[in-house]
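None of the figures in this text is laboratory data; all of them are computed from the coordinates on show. All values reported here derive from a predicted model rather than from experimental measurement. Here the Cβ positions follow ideal geometry from the backbone for every residue, glycine too, while neighbour counts run over all protein chains shown.
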Amino acid sequence: MNPFKYGSIVLGKDFCGRKDLLKQISSHIQASQNIVVLGERRIGKSSLVYEAVRKLRGTHLLYMDLLGIKSIDASCRRMLRAIVTLEKRVSWVTNMIKTLSHLRPTITTDPVTSMPVIFFDASVELKASSIQEVLDLVESIGKKKRLVVVFDEFQDILNTGDANEAIALLRSKIQFHRNIPYVFVGSIRHKMDEIFISPNSAFFKSAIPISVDPLPYEEFSKFLIKKFEKGHRKVLGETLRQVFEIANNITGDIQQLCEALWEVTPEGDAVSSDKLKAALELIFSREQKSYEAFVSLLTDFQLKCLSALAKEGGKKIYSMDFIKTVGPHSSASVNRAMTRMIDINILFKRGKEIRFVNPFFKAWLLPRGR
Ligand SMILES: Nc1ncnc2c1ncn2[C@@H]1O[C@H](COP(=O)(O)OP(=O)(O)O)[C@@H](O)[C@H]1O
Ligand SMILES: [Mg+2]
């Protein structure tokens, strides 16, 4: 069986390293200190938080993922669902229904798990003020059991209509939950900065920041080599270095490329650099449709800029050389093209550099010389 896992949370023996961060996080949680965990996509933030909580036996995790959230109504529903999942007891859920009667909840029992399932009338729209009620429920659970509350992809709350009000209400409740540690996890750094670092924000300086960086090569490569060895495949150091480079040192992307390398290497064979091409082709064939969908969103000029970025790297997009490769255009039009591609999530900015969100999409663009 392929030993590499990507795309989901990894725990226990699938979780490599991060000893110091695990220690830091668990001591903050034990001290009921709120923290904000920041890092790039697929670097390992969610896994880190889950693993830290898993090791703190007796602490219950209330996990709320705000990824892709578009409205306060949807955020509240997600939070309520997380609460019901944690508090499985029927008597408690029935009680909760009473306090939320204006949301016209109904309760049924899941025929498979026999657990209570709660539905809220979809025609009732939950407003920012419902956030307070949701957090009161959290507080009442926190009185009965040791709790840690995690908001994952928290920056997406900014995409909701009345984001400022929602954030202010969250903050006003959370500051009184002194015995409940809150963990805010976020990917898009400048958006998280807007919430936690901007002096105008309600959350200004309210949580200790923790940064999640790439796993060090020495540690992660040992972990990966062992996984290959278990399946009687020997991976060469040189190949692994290339894997890290192609994947831009992003933990999840490294695992994805290793998964593909494993698939294209028969048992007993060496995983050498010549296998990389086949591994990438395997990834391309799986992801082709989404690459084509991206391309279809772009104008010819944007695509030209994207290809130039793939070839030249994203550090010097305003240099004369870069602008020359995309034809007779001004740096303002290059800038507009890049901004558009950042908006639709093909690219992102790290400091002054512009990077591909998906390094395999970049690799796919390269040989085709678009
Ligand atoms: N500590 C780790 N050890 C090994 N692989 C990891 C680790 N952390 C993350 N990964 C890899 O990265 C992928 C994405 O992890 P995840 O925690 O979901 O990242 P994020 O929340 O930052 O997007 C996982 O599916 C796994 O392949
Ligand atoms: Mg995550």
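So what's the projected area for segment 249-370, the Cα convex hull averaged over all directions, in nm²?
Numbers: hull surface 32.4 nm².
Result: 8.1 nm².
Extension gain for residue 139-residue 299 works out to 52.5 nm (0.36 nm per residue, less the C-alpha to C-alpha distance).
Treat segment 68-149 as a sphere of radius equal to its Kirkwood radius over Cα pairs and apply Stokes-Einstein at 10 °C in a medium of 1.306 mPa s; give the translational diffusion coefficient in µm²/s, rounded to a whole number. Answer, rounded: 120 µm²/s.
Angle of helix 217-230 to the longest C-alpha principal axis of the chain, folded into 0 to 90 degrees and rounded to 10: 90°.
Between 0 and 90 degrees, the angle of helix 19-30 with respect to the longest Cα principal axis of the chain falls at about 20 degrees.
Once you keep just the Cα pairs under 8 angstrom separated by 6 or more residues, what percentage relative contact order results for the chain? Each step should come with its number before you reach the end.
Details: 503 pairs, mean separation 69.1, N = 370.
Computed over the chain, the figure is 19 percent.
Between residue 20 and residue 217, the contour length at 0.36 nm per residue exceeds the alpha carbon distance by 69.3 nm. Computed from Cα atoms, the angle from the helix 130-144 axis to the main principal axis of the chain rounds to 80 degrees. Return the distance in nm (one decimal) between the two label points of a simple spin-label model at residue 333 and residue 132, each offset 7 Å from Cα along Cα→Cβ. For the pair residue 333/residue 132, the computed spacing is 5.4 nm. In this simple spin-label model, placing a label point 7 Å from the Cα along the Cα-to-Cβ direction at both residue 31 and residue 104 gives a separation of 4.8 nm. Put the Cα centre of segment 257-313 next to the Cα centre of segment 57-117 and the gap is 40 Å. For residue 19, a cut-off of 17 angstrom between C-alpha atoms picks up these aspartates and glutamates, skipping any fewer than 8 places away in its own chain: 51, 213, 218, 219. Using C-alpha pairs under 8 Å with a sequence gap of at least 6, the mean separation divided by the residue count of segment 298-370 gives a relative contact order of 36 percent.
Taking the charge dipole of segment 27-157 about its Cα centre, with +1 at Lys and Arg Cβ atoms and -1 at Asp and Glu Cβ atoms, the residue from 105, 44, 75 reaching farthest to the positive side is 44. Applying a threshold of 22 Å to the alpha-carbon distances of 205/316; 88/145; 88/173; 315/362; 222/275; 127/205 flags 205/316; 88/173; 127/205 as lying beyond it. Here the sum of -39500 (n - 2.57) over DSSP H runs of 4 or more residues, divided by the residues of the chain, equals -15500 deg cm²/dmol at 222 nm, to the nearest 500. Largest mean-square fluctuation among 152, 213, 20, in a Gaussian network model of the chain whose springs join Cα atoms under 10 Å apart, belongs to 20. Placing a label point 7 Å from the Cα of residue 2 along the Cα-to-Cβ direction, the residues of segment 225-239 with a backbone N closer than 15 Å are 228, 231.
Which entries in the list 23/45; 23/191; 277/349; 23/144 go over 18 Å, if you measure between the two C-alpha atoms of each?
Going by Cα-Cα distance, 23/191; 277/349; 23/144 fall outside the 18 Å limit.
For the chain, modelled as a GNM whose springs connect Cα atoms under 10 angstrom apart, the maximal fluctuation among 54, 350, 286 occurs at 286. Give the shape of the chain as rounded, prolate or oblate, defined through the alpha-carbon gyration tensor: a ≥ b ≥ c are the square roots of its eigenvalues, a/c under 1.5 means rounded, and otherwise the shape is prolate if a/b is larger than b/c and oblate if not. Here the chain falls in the prolate category. Of all beta bridges that DSSP places with both ends in the chain, some 30 percent have antiparallel geometry. Within a straight-line Cα-Cα reach of under 19 Å, residue 324 can be paired with the following aspartates and glutamates, leaving aside sequence neighbours fewer than 8 residues apart in one chain: 300, 312, 353.
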